[in-house]
Amino acid sequence: MTLKRLLIAVVLLAILGAGAAYGWRAMQGNRLPAGFASGNGRIEANEIDIATKYAARVLTIPVEEGDLVEAGAVIATLDTRDLEAQLRSAEAQLRQTRSSREEAAALVAQRVSEADFAAKEMERALILFGKGHVAEQRVDQARNSRRTADAALEAAKSHLASAEEAIAAAAGDVDRLADLVADGVLKAPRKSRVLYRLSEPGEVLAAGGKAATLLDLSNVYMTFFLPTDTAGNLALGAEARILLDAVPDTAIPAAVTFVAPRAQFTPKQVETKSERDRMMFRVKARVPEALVTRYIERVKTGLTGMAYVKLDDKAVWPDWLESTLTREATSSPGNTPSPPRGEGRGEGDAPRDFAENQSPSAPQSTPRSPLTLTLSPLSADRWSACRVSANEVCARAGGRGDIPTGERS
């Protein structure tokens, strides 16, 4: 009996030892080497509010939440019957002003003829008066007729100019009302996914009322936070990898497109003073648009995961952060995402977080007061790379636009 228990104990110890060895190898296999940094975050995308330009009743909303819509797809239609009636009235007014212009043009032609006749009459009266065939009164009458005809011609020309201005004003009203009628059909500005359907047919929306909210899938990224010393070594455009909790075995290629210009404290939920003293910089890693387009049906926002960024250009990605997707992105330079307009280091705030279930522990994105960045001691190579690729951050560290290689903060 004692021998049996001993054998069972040996087997259990062997199993535990094998499990411990496997776990140790697994931990060693996923260890992040030097020259890299990581942070947890979530997949996000820009949010587009499809809103009305004026107060109107909703007629139809042909989309549902979760639908993938192409650019130009109809999201909602509004009741524009009153605007269409105003448009018809404005078009009739435009036709009337054009008729008035034709009348004014005909009147100008008549006044030109009368002025020419009056001028010739005056010339003949002067010739006859010079020969003594007519009295001076006849010359005065001819002169007065000419002045009257000239004045009438000027009045006709002014009336013609007014008619042309009336045409321009009426045409402007027609264009304005036509635009308002066209605005009654709310369309998707680009390929996107319907996040929220915010109204129903029959509802009356005020000016600026939202009919639906879309997610712009052309700009998909992960937002995460890095400490001060790490952000100082991070260059815009640096390579990144994303591992989602839903698919932890597939590394997704990305690139750093934004580093916040100001640091912020760690969340209020962290009670440890040593942790709250750390300053964090918000960073974006954007997924290539070509990759998003290829897997557009599987793209979802709000998914959590880890983002890994390369701090040293000479560092080599570990095998567990490589995949078919990353190798394809590396072999196709055109897949490297460029910063969207308005993004980059120190260019304003990033778009809002559009994930439906925002984690309460995520650091708040409200910018705080400017902070002088303090860099940790760096090697000469890494400090040189910092000068070249992150000059603005280095400028905050040294207080100058350019920092010598040997200087330390």
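Just so it is clear, none of the values below were taken in a lab; they were calculated from the coordinates. As the structure is a computational prediction, the values presented were derived from the model and not from experiment. In this analysis, Cβ positions are derived from the backbone assuming ideal geometry, glycine residues included, and neighbour counts consider all displayed protein chains.
Worth pointing out:
- Förster radius 22 Å - calculated FRET efficiency between residue 203 and residue 181, Cβ distance, rounded to 0.05: 0.65
- Each residue of the stretch 33-41 was assigned a 3J(HN,Hα) from its phi angle through the Karplus expression (A = 6.51, B = -1.76, C = 1.60, θ = phi - 60°), giving x, 5, x, 10, 9, 9, x, 8, x Hz with x at Gly and Pro.
- Counting charges near residue 84 (Lys, Arg +1; Asp, Glu -1) among other residues having Cβ under 14 Å from its Cβ returns a value of -2.
- With a cut-off of 11 Å between beta carbons, the residues surrounding residue 320 carry a summed charge of -1, where Lys and Arg count +1 and Asp and Glu -1.
- Karplus (6.51, -1.76, 1.60) ³J(HN,Hα), θ = phi - 60°, over the stretch 216-227, in Hz, Gly and Pro reported as x: 7, 7, 7, 9, 9, 8, 10, 9, 8, 10, 10, x
- For residue 144, net neighbour charge (Lys/Arg +1, Asp/Glu -1) across residues whose Cβ lies under 14 Å away: -1
- Under the Karplus curve 6.51 cos²θ - 1.76 cosθ + 1.60, θ = phi - 60°, whole-Hz ³J(HN,Hα) for the stretch 238-250, x wherever Gly or Pro sits: 5, 5, 9, 9, 10, 10, 7, 4, 6, 9, x, 9, 10
- Highest average first, the peptides 145-155, 213-223 ordered by how many other beta carbon atoms sit within 10 Å of their residues are 213-223, 145-155.
- Flagged links, alpha-carbon separation over 23 Å, of 120/157; 191/310; 284/310: 191/310
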